[in-house]
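No lab work stands behind these numbers, since they all come straight from the coordinates. All values reported here derive from a predicted model rather than from experimental measurement. So basically every Cβ, Gly included, is an ideal-geometry build from the backbone, and we count neighbours across all protein chains shown.
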Amino acid sequence: MTPTPWLVAVTAVAVISDAMLLPFYPQFFAARFGVTDPSHVGAYLAMSCLVVLVALPGWARLARRVGTLPLLLVTQLVAGGLSLSCAVVTSLPWFWGLSLAMLVAKASYLLVYPYLMHFEPQDRHATLIGTLSVVVHAGGILGAMVGGLVLEHWAAAQVFRVMALGDALQVAVCAWLIRRGRAPHSTPHAAPTTERAPASSAAILRLGLVMLLFYFSAYLARPFFARYWELASGLPGEVLAGAVFAIPGAVAVALLALDLLARRPAGQAILLPLAIGLVGLLLQASGEVAAILAGRVLFGWALFRVTVRLELRLFLLSTPDRYASDFSKVHVFQGLGVLVASWGAGRLVEAFGLTAPFLVAATGLALCALAYRRLLAGAETRPAAPSDSVSART
């Protein structure tokens with residue numbers, strides 16, 4: 001038996017921990033430190049993305065020497081200790097330092113993604129990518145709900161104690177897999193090492209540019225969505241705001257279930273999902289409750305379809321011996337998109353109000369569609385096997 005189910009579980013726990021404060025950072029800083037400046041929240045989120053972006057290549061190089069799971073065992077243990085420190089610190093500068101150090105340690109769990117791909121044959125890559133995408137979305141649902149529950153009923157600092165519990169669970173799973181000898185360095189399904197043609201490397205970079213625009217648009221409206229929902233709906237409460245925030249995740253879970261039941265082949269079209277996502281963002285910007293809810297559903301559908309298709313294209317362009325390296329390259333572009341979105345969200349809200357991130361994100365999806373047509377449409381990729389693949393067909 002491969003360690004895949006256990007590693008997917010590790011990823012789920014990590015995503016839930018990371019998502020608990022994502023919709024509520026403005027409320028968290030206001031309640032914990034009395035900081036209400038949107039620019040401060042945006043700067044913190046941007047710095048969070050930057051440290052992960054910088055740390056991941058270093059963890060990837062170290063993992064090649066010591067192994068992915070032994071590395072995770074140590075880094076998540078350190079992350080748990082830093083989480084507990086964040087729960088008790090009362091100084092804002094100290095919180096910045098400790099929480100960013102915690103994120104450096106947590107960044108190592110991203111290596112599970114390319115590591116997992118080694119344990120699956122090529123014709124099951126689309127299924128695994130879809131499953132991991134749903135793990136991210138479902139983790140966002142649970143994380144937002146747990147975070148909202150903690151903030152609504154307990155002190156804001158308790159969120160970091162819950163995060164530390166998640167780190168402890170990851171440490172336990174990694175230790176168990178290592179002890180049972182289920183942490184191989186080689187890959188049972190890896191193809192022989194092949195020399196990459198220069199065109200393939202260029203294709204990875206073009207894909208990265210498209211992903212930068214997509215992730216910028218996908219993340220721009222997130223930091224202040226809970227506050228926007230409360231003002232637009234007139235319905236206070238972090239739990240309800242977290243539930244509405246998590247609607248795209250619920251849509252992704254439903255889509256994966258339908259795809260697996262129907263066993264439909266993976267598609268590769270990107271432009272239609274981007275257009276539907278754009279419509280979803282514009283509906284959310286309207287400020288009407290019904291339109292916001294409908295927009296969340298459409299936006300969630302688009303996010304799942306585009307994410308799976310772009311990730312699948314990465315692994316179709318890559319080769320097993322290059323998975324970690326190419327994943328790290330593309331993640332740089334993804335991280336830059338999230339970084340710019342996190343920094344820009346605070347500035348946009350401060351200057352133009354809570355509706356602005358939705359409008360700018362819609363513009364970003366339009367630019368992403370144009371970039372895709374110029375850089376990737378018609379590019380050669382190895383065809384995905386129809387069986388056991390997640391459908392990306394509408």
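Within the set of other residues whose C-beta is less than 14 Å from the C-beta of Val279, count the net charge using Lys and Arg as +1 and Asp and Glu as -1. Charge balance in the 14 Å sphere: +2. Please give me the summed charge of the neighbours of Pro57: other residues whose Cβ is under 12 Å from its Cβ, Lys and Arg +1, Asp and Glu -1. Every neighbour counted, the sum reads +3. Available extension along the chain between Arg65 and Leu258 is 65.4 nm, counting 0.36 nm per residue and deducting the alpha carbon span.
Just add up the charged neighbours of Lys106: K/R +1, D/E -1, any other residue whose Cβ is under 12 Å from the Cβ of Lys106.
So the surrounding residues net to -2.
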